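Note sheet for the following structure.
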Amino acid sequence: MIDFHQVEKHYGQFHVLKTIDLHVQEGEVVVVVGPSGSGKSTMLRCINRLETITSGGLTVDNITVNDRKTDINKLRKEIGMVFQHFNLYPHKKVIDNITLAPIKVLGLSKVEAEEIAMSYLEKVGIAEKALAYPSQLSGGQQQRVAIARGLAMKPKIMLFDEPTSALDPEMVGEVLDVMRTLANEGMTMVIVTHEMGFAREVADRVIFMDQGQIVEEAEPEQFFASPREERTRTFLSRVL
Ligand code: ADP
Ligand code: MG
């Protein structure tokens, strides 16, 4: 579903991604961990072309991401993305935040889009907030709206970039619960997170990045119990 082949990326002189090879199967849940500045967000953002790669190959569902002929809107329709900061439109009600893209991009009628929006709000457990404004919601609720907004486009892939890092601790669990449900339903997911317990429980595979490289990848059990690389051990000793 996602295929990085020897991807390099530079920001000017700075070599931010170094020979990235990563293959994500349909239905797989890949969790990316690593120190701040290691290139995790950049790698994620390359997948929906929020960043462009310098060289190498990158395909998503057999679409060549960086081909000039690629329809970027078609690519992005397949990919939902949830950020640390929820990026909801503050002047729009929750339901209108969710129906905006399905109406504009997928061409759904308002009624159809609202029906879908309500079904996803139910799924993330906040249907009763449909008519509220984002500022009237807690951080955890806003993040669940952001997830519902992503799902309403019926993407094939969901990307999460530290979705719980900006939340008060008591709200982390409710967002992770929604993500766990999606994982169990077979959604293809790439998740950058510092929640190691969640990674261990939900990931099919854990990727450790450091200084722009994938240093190690393993199934969670092996990754946490007996990491192969010294850099991974050092990182885990700091965060666990
Ligand atoms: P992470 O998500 O692992 O913290 P990032 O992908 O955000 O790492 O950043 C990796 C490195 O690239 C950092 O050193 C960061 O300062 C740098 N960087 C990120 N975005 C840009 C940019 N737009 N221009 C220049 N440097 C950037
Ligand atoms: Mg980041």
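In straight-distance terms, cross-link reach from residue 123 covers every one of the lysines whose alpha-carbon lies under 25 Å from its own, apart from those fewer than eight places away in the same chain; here that gives 77, 92, 93, 104, 110, 154, 156. Kirkwood hydrodynamic radius (Cα pairs, Å) of segment 114-232? After inverting the mean inverse Cα-Cα distance, the result is 15.6 Å.
On segment 119-193, 46 percent of the accessible area sits on carbon and sulfur atoms, based on a 1.4 Å probe. Helix 230-239 axis versus longest C-alpha principal axis of the chain: approximately 40°, rounded to the nearest ten.
Per residue, the accessible area of segment 85-240 comes to 47 Å², computed with a 1.4 Å probe over protein heavy atoms only. Computed log10 I(q)/I(0) for segment 107-183 at 0.11, 0.12, 0.13 Å⁻¹: -0.27, -0.33, -0.38, from the Debye equation with unit scatterers placed on every C-alpha and solvent omitted. Taking the helices alone, the chain has a mean residue ellipticity at 222 nm of -11000 deg cm²/dmol, built from -39,500 (n - 2.57) per DSSP H run of at least 4 residues and averaged over all its residues. Over segment 24-99, the ratio between the Cα radius of gyration and 2.2 N^0.38 Å evaluates to 1.29. Shown for segment 195-240 is the translational diffusion coefficient from the Stokes-Einstein equation, using the Kirkwood radius over Cα pairs, a temperature of 10 °C and a viscosity of 1.306 mPa s: 150 µm²/s. Label the chain by shape, choosing from rounded, prolate and oblate, from the square roots a ≥ b ≥ c of the eigenvalues of the Cα gyration tensor; if a/c is under 1.5 it is rounded, and otherwise prolate applies when a/b is larger than b/c, oblate when it is not. Oblate, since a/c reaches 1.5 and b/c is not below a/b. Here the accessible area is traced with a 1.4 Å probe on the protein chains. For segment 27-113, carbon and sulfur cover 49 percent of it.
Here, P(r) means the percent of Cα pairs in each 5 Å bin from 0 to the largest distance; for segment 66-133 it is 4, 15, 20, 25, 19, 8, 5, 3, 1. Would you mind checking the tilt of helix 139-151 against the longest principal axis of the Cα atoms of the chain, expressed as 0 to 90 degrees and rounded to 10? That helix lies at roughly 90 degrees to the long axis. For helix 169-184, report the angle its Cα long axis makes with the longest principal axis of the Cα atoms of the chain; keep it between 0 and 90° and round to the nearest 10°. Taking the Cα atoms of the chain, the angle to 169-184 is about 90 degrees.
Pairwise Cα separations in segment 151-208 fall into 5 Å bins from 0 onward with the following percentages, short to long: 4, 16, 33, 27, 15, 5, 0.
The values are calculated or read from the model by the stated rules, or taken from the named source; none is laboratory data. Given the structure is predicted, the values throughout are model-derived calculations rather than measurements. Ligands, DNA and RNA are stripped out before the accessible areas are found, and what is left, the full protein with its side chains, is counted by its heavy atoms. Shrake-Rupley method; radii C 1.70, N 1.55, O 1.52, S 1.80 Å.
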